[in-house]
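Report on the following structure.
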Amino acid sequence: MGTAITQRRDLFNAAIVQVALFDMLRFTKLGLRSHHPEQRGWIEAYSPYQKLVPGKTYPIPFILTSTKDDRVHPAHGRKAAARLAALGQPYYYYENIDGRHSAAANLTEYACRLALEYTYASRRLVD
């Protein structure tokens with residue numbers, strides 16, 4: 001979703017960015033994966049974090065992450081929210097401190113996350 005809202009801002013009025021993977025260039029520093037230096041050019045061309053720039057208006061995203069996510073580090077969502085704030089762009093952010101990947105530790109947390117998502121979507125998409 002990060003790539004979609006930075007490359008085609010005109011198509012979205014809402015974007016639920018769950019398990020936010022934004023900084024593709026520094027992905028190797030924020031998690032367990034790695035990429036080779038020769039891949040930098042094509043990664044930079046779509047990396048959502050690098051595409052958040054001054055002078056553009058982005059759809060108001062709802063960024064969801066989990067403090068304990070062991071696959072996509074929560075710094076991706078945190079950095080995206082901080083960049084949007086620095087650009088003066090509105091956003092919503094929720095970080096579950098208990099959940100792992102997909103931000104749901106149990107059925108109660110899952111229900112809470114769904115309620116937040118549905119509330120956001122209805123406010124962004126319904127007149």
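Coordinate-derived values only; no laboratory data. These numbers were taken from a predicted model, which means no experiment stands behind them. Every residue, glycine as well, gets a Cβ built from its backbone with ideal geometry; the counts of neighbours run over all protein chains shown.
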Task: Relative contact order (%) - criterion: Cα under 8 Å, at least six apart; region: the stretch 2-125 - done: 29
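Could you please report the charge total around residue 56, scoring K, R as +1 and D, E as -1 over all other residues with beta-carbon less than 13 angstrom from its beta-carbon?
Taking every Cβ under 13 Å from that of residue 56, the sum is +3.
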- [ ] With a 10 Å radius around each residue's Cβ, average the other Cβ atoms per peptide and rank 78-86, 51-59, highest first.
- [x] 78-86, 51-59
TODO: Tell me the label-point distance for the pair residue 97, residue 127, using the 7 Å Cα-to-Cβ offset, in nm and rounded to one decimal.
DONE: 4.3
Task: Difference of contour (0.36 nm per residue) and Cα-Cα distance, residue 13 to residue 116 - done: 35.4 nm
